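Reading through the structure tokens given below for one structure.
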Amino acid sequence: MITFDKEGETPLNDISGLIPKITTRAELDSEEAKSISNAFLKYLLLPSEAKNIQFDEPFLRQVHVDMLGAV
């Protein structure tokens, strides 16, 4: 059974295999922050590039993967 500490949080007892080697909320928060920071740099570092981005569903799915795919 998957349980959530707070609504919307990634559960620590997730059995899907998406959270390797993470056992505490602090570790999960740290890994999520790193991934989100990397995605931020990838997509928003050069605002001049934003005009070339097509904000469609495939793009937003890729942003989501880049932000949270490692965890």
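With respect to (1) in contact with a Ser or Thr (Cβ under 8 Å, 6 or more places away or on another chain); (2) at pLDDT below 80, the lone exception for Ala50 is condition (1). The residues listed here are Thr10, Thr23; of these, the one that is modelled with pLDDT under 80, over 25 Å from Leu60 (Cβ atoms) and in a loop (DSSP other than H, G, I, E, B) is Thr23. Would you check if Asp66 is assigned to a helix (DSSP H, G or I) and in contact with a Lys or Arg (Cβ under 7 Å, 6 or more places away or on another chain)? For Asp66, the condition - assigned to a helix (DSSP H, G or I) and in contact with a Lys or Arg (Cβ under 7 Å, 6 or more places away or on another chain) - is met.
Is it the case that Phe55 is at pLDDT 70 or above and among the aromatic types (Phe, Trp, Tyr)? Against the criterion (at pLDDT 70 or above and among the aromatic types (Phe, Trp, Tyr)), Phe55 qualifies.
The values are calculated or read from the model by the stated rules, or taken from the named source; none is laboratory data. What you see is a predicted model, and the numbers here were worked out from it, not measured in a lab. Every residue, glycine as well, gets a Cβ built from its backbone with ideal geometry; the counts of neighbours run over all protein chains shown.
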